[in-house]
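Asks: Before anything else, here's the structure in question.
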Amino acid sequence: MSRNAESTAFRSALEVVRGVEPRVADAIAAELADQRESLKLIASENYASPATLLAMGNWFSDKYAEGTVGRRFYAGCQNVDTVEALAAEHARELFGASHAYVQPHSGIDANLVAFWAILADRVESPALKKAQARQVNDLTEADWFALRRELGNQRMLGMSLDAGGHLTHGFRPNISGKMFDQRSYGTDPATGLIDYDRVAEAAREFKPLILVAGYSAYPRKVNFRIMREIADSVGATFMVDMAHFAGLVAGKVFTGDFDPVPHAHIVTTTTHKSLRGPRGGMVLCGPELADQVDRGCPMVLGGPLPHVMAAKAVALAEARRPDFADYAQRIVDNAQALADGLLRRGATLVTGGTDNHLVLIDVSGYGLTGRQAEQALLDSGIVTNRNSVPQDPNGAWYTSGIRIGTPALTTRGLGAAEMDATAELIHTVLSQTTPGTGPDGAASKAKYVLDPAVAESVGKQAADLLTPFPLYPAVDLG
Ligand SMILES: *Cc1c(COP(=O)(O)O)cnc(C)c1O
């Protein structure tokens, strides 16, 4: 496609928006400018292709399409059927799954769909069977009461939040923590790695209905074959949430024991992180759970987002091309270069390194909290996010860690040399930042002191690093 087509498309779109609410058009343009200027190391973010972005901005957004392909509760869904079927086909082929459900609006939604599919499949509930056989009118008050009792309080075993697990894996602030009786497995305090014997022990003691694997902040591979054996040994359904690392599965960097799809009963993901698609979610499963998964709407979802499903089809088609595998490998190579650069300069990393797309720096080695480090880096033009480390003494708000990831910078084209330079910039900022004090002179977990000249100099070097790697190079808003 010509560079001209992309510029024309985005310029024209902004002109149309500007005609109604110029402040929105300005904010959209400002967002591109900001993203172009920042050294983005947020492990869960990426830059979707212009084709993916443009597939979302159209009249598919106007359509209601509750139901599934060919079986809708609304008339006139033939074109939605086309894009939903295409997205599902690309997903099945890409991941080698027998069934793909591409309607979830986000990762959280995909997990809710999966939880309810598992509950409906696994829990012996005559009332639920009646309800699903569309005999809802036959259900008595006592049936409904029984249904709530039978489905409530089921057990889930997932990775603990501070070891890198996700909120939706049974933690209190999320509905999963209220819906399920949850226990968690952590990591070995000495190595920071998952201790599969401990997971097996926890599973034997707790006998969960669902064993969940997957993470947002664990910098290593997970052996899904072993996890499946553990699930089988206690009769649990094995669910993997690959929201963060789906791009590495798609790009065949994670294969064999490290590819969740052949090992899990059900796999959920986002589509916008390392997979580089539109903001959304997806569920993959075998034939046993397919019917229950397809009831995601109306069980926990409303009408699907056809414009986002169109963009999922585009992004998944991109992920099936050979250059996506190169991209996925470069993500991991870059994360390792960044980790090596940090270690060489004396940083402490959780697990001592990485074999995926992310690195977790324990900033207590620099005498800082995660919050101080995050802000000092931001002042210096480096965008990261603070994150708990295992057994974090500073809790989930201040934290002791900084999570950094390479999917976004790898999309821009930065490589090992730039990762080493990035490590130098991060180390410079963290080693020159000192904790501040509160109004009463006591040590603060939020305040910090960083010489503005250092922040300015690092910010300038970060901007220079990006100059040879323009973001959306074909898009010129004029
Ligand atoms: C990001 C993430 C989610 C949630 O995705 P949203 O699209 O933000 O709802 C779920 N699970 C894991 C493991 C994640 O990393």
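The values are calculated or read from the model by the stated rules, or taken from the named source; none is laboratory data. Since we're looking at a predicted model, the values are computed, not measured. Using ideal geometry, Cβ is built from the backbone for each residue, glycine included, and neighbour counts are taken over all protein chains shown.
Asks: Which of the residues that make up the stretch 197-217 are free of Cβ contacts under 8 Å to residues at least 60 places away in the same chain and within 16 Å of the ligand (Cβ to nearest atom)?
Replies: Selection gives LEU211, VAL212, ALA213, GLY214, TYR215.
Asks: May I ask you to list the residues in the stretch 232-242 that are at positive phi and not in a loop (DSSP other than H, G, I, E, B)?
Replies: Within the stretch 232-242, none qualify.
Asks: On to the next question. Of these, VAL300, VAL261, VAL253, which one is assigned by TED's automatic domain parsing to the domain that holds ASN79, under 23 Å from GLY192 (Cα atoms) and in contact (Cβ under 8 Å) with a residue 24 or more places away in the chain?
Replies: After ruling out the rest, the residue left standing is VAL253.
Asks: Name every residue in the stretch 33-58 that is in a helix (DSSP H, G or I), touching a helix residue (DSSP H, G or I) at 6+ places or on another chain (Cβ under 8 Å) and not β-branched (Val, Ile, Thr), in order of residue number.
Replies: Matches in the stretch 33-58: ARG36, GLU37, PRO50, ALA51, LEU53, LEU54, ALA55, MET56.
Asks: Mind checking whether some residue in the stretch 158-175 is at pLDDT 95 or above and within 25 Å of ALA335 (Cβ to Cβ)?
Replies: Yes: the stretch 158-175 contains one or more residues that are at pLDDT 95 or above and within 25 Å of ALA335 (Cβ to Cβ).
Asks: Considering only the stretch 175-187, I want to know if a residue exists there that is within 16 Å of the ligand (Cβ to nearest atom), within 24 Å of LEU305 (Cα to Cα) and either of a type in the set (Gly, Ala, Ser) or under 20 Å from the mean Cα position of the chain (by Cα) (or both).
Replies: yes
Asks: Give me a count of the residues in the stretch 231-248 that are β-branched (Val, Ile, Thr) and more than 13 Å from the ligand (Cβ to nearest atom).
Replies: 2
Asks: Can we say VAL458 is within 30 Å of the chain's Cα centre (by Cα) and touching a residue at least 40 places away in the same chain (Cβ under 8 Å)?
Replies: yes
Asks: Could you tell me whether the stretch 120-136 includes any residue that is modelled with pLDDT of 95 or more and either within 16 Å of the ligand (Cβ to nearest atom) or out of contact with any Phe, Trp or Tyr (no Cβ under 9 Å at 6 or more places or on another chain) (or both)?
Replies: Checking the stretch 120-136: not a single residue is modelled with pLDDT of 95 or more and either within 16 Å of the ligand (Cβ to nearest atom) or out of contact with any Phe, Trp or Tyr (no Cβ under 9 Å at 6 or more places or on another chain) (or both).
Asks: If you check ALA100 against the conditions, is it small (Gly, Ala, Ser) and away from the ligand (no atom under 16 Å from the Cβ)?
Replies: The answer is yes for ALA100.
Asks: Under 7 Å by Cβ, and 6 or more places apart or on different chains, what pairs join a residue from the stretch 153-173 that is closer than 16 Å to TRP116 by Cα with one that is within 13 Å of the ligand (Cβ to nearest atom) and assigned to a loop (DSSP other than H, G, I, E, B)?
Replies: Final answer for the pair search is MET156/GLY170; THR168/ASN174.
Asks: For ALA317, work out the one condition from (1) within 16 Å of the ligand (Cβ to nearest atom); (2) in contact with a helix residue (DSSP H, G or I) (Cβ under 6 Å, 6 or more places away or on another chain) it doesn't fulfil.
Replies: It fails just one condition, (1).
Asks: Turning to a different aspect of this structure: Test each condition in (1) among the aliphatic types (A, V, I, L, M); (2) in contact (Cβ under 8 Å) with a residue 12 or more places away in the chain; (3) more than 23 Å from GLY214 (Cα to Cα); (4) surrounded by fewer than 20 Cβ atoms within 10 Å (Cβ to Cβ) for ALA313 and report the one that comes out false.
Replies: In the conditions (1) among the aliphatic types (A, V, I, L, M); (2) in contact (Cβ under 8 Å) with a residue 12 or more places away in the chain; (3) more than 23 Å from GLY214 (Cα to Cα); (4) surrounded by fewer than 20 Cβ atoms within 10 Å (Cβ to Cβ), ALA313 misses (4) alone.
Asks: Which of the residues that make up the stretch 270-308 are within 11 Å of the ligand (Cβ to nearest atom) and surrounded by fewer than 20 Cβ atoms within 10 Å (Cβ to Cβ)?
Replies: The answer is ARG279, and nothing else.
Asks: Given the structure, is LEU193 touching a residue at least 40 places away in the same chain (Cβ under 8 Å) and within 16 Å of the ligand (Cβ to nearest atom)?
Replies: Taking the combined requirement at face value, the residue does not satisfy it.
Asks: Of the residues that sit in the stretch 257-269 and are surrounded by 24 or more Cβ atoms within 10 Å (Cβ to Cβ) and away from the ligand (no atom under 11 Å from the Cβ), which one is nearest to LEU316 (Cα to Cα)?
Replies: Per the criteria, the residue is VAL267.
Asks: Among the helices (runs of 4 or more DSSP H) contained in the stretch 62-176, which hold 3 or more residues that are surrounded by fewer than 17 Cβ atoms within 10 Å (Cβ to Cβ)?
Replies: So the answer is 78-95, 126-132, 141-151.
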